[in-house]
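One structure is given here, and the rest of the page talks about it.
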Amino acid sequence: MKVTALVEDALIEDVRTFSGGRNITESMVIALSDWLRIQKIKKLNRLVEEEPVYFSDTFSAKTVRRLNRRKRI
């Protein structure tokens with residue numbers, strides 16, 4: 001998608017420097033992808049905080065290993 005945006009030169013230069021992109025487009029894609037990845041992780045953290053993951057009382061590493069070995073055969 002082609003987009004026109006007014007962005008300060010200093011901000012663009014910082015993004016190019018830190019992203020390691022070869023040009024402005026690649027630098028912006030890297031920066032936006034990284035930002036989006038961080039936002040998704042934050043959302044997942046909020047969800048886990050609201051509803052933590054609990055293991056059942058019968059959970060054991062030994063049982064999980066046994067189940068995993070059975071699946072390979």
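Tell me what the chain gives for mean residue ellipticity at 222 nm when only DSSP H runs of n ≥ 4 count, each as -39,500 (n - 2.57), the sum divided by the residue total, rounded to 500 deg cm²/dmol.
Values: 3 runs with 50 residues, N = 73.
Computed mean residue ellipticity for the chain: -23000 deg cm²/dmol.
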>> I need the phi-derived Karplus couplings for the range 50-55: 6.51 cos²θ - 1.76 cosθ + 1.60, θ = phi - 60°, integer Hz, Gly and Pro marked x.
In response: 6, 9, x, 8, 10, 8
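Please give the FRET efficiency for A10 paired with I41, using the beta carbon to beta carbon distance and R0 = 35 Å, rounded to the nearest 0.05.
Numbers: r = 28 Å, r/R0 = 0.79.
In this case the efficiency is close to 0.80.
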> Which of the aspartates and glutamates could be linked to K2 by a straight reach, that is with a Cα gap under 16 Å, when you skip same-chain ones fewer than 8 residues away?
Replying inline: E26
> Using Cα atoms only, what is the angle between the long axis of helix 61-72 and the major principal axis of the chain, expressed in degrees (0 to 90) to the nearest 10?
Replying inline: 80
>> Using square roots of five times the C-alpha gyration tensor eigenvalues, list the equivalent-ellipsoid semi-axes of the chain in whole Å, biggest first.
In response: 44, 17, 10
> Against the longest principal axis of the chain, how steep is helix 9-19, in degrees 0 to 90 to the nearest 10, with axes from Cα atoms?
Replying inline: 40
>> I need the chymotrypsin sites (Phe, Trp or Tyr not before Pro) found in the chain, filtered to DSSP loop residues with at most 10 other beta carbons within 10 Å of theirs.
In response: Y54, F55, F59
> Quick one: if the Förster radius is 30 Å, what FRET efficiency do V29 and E50 give, using the C-beta to C-beta distance and rounding to 0.05?
Replying inline: 0.40
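Here, each number is a calculation from the coordinates, and none is a lab measurement. Just so it is clear, the structure is predicted and the values come from calculations on it, not from any experiment. Ideal geometry is used to build each Cβ from the backbone, glycine not excepted, and the neighbour counts take in all protein chains shown.
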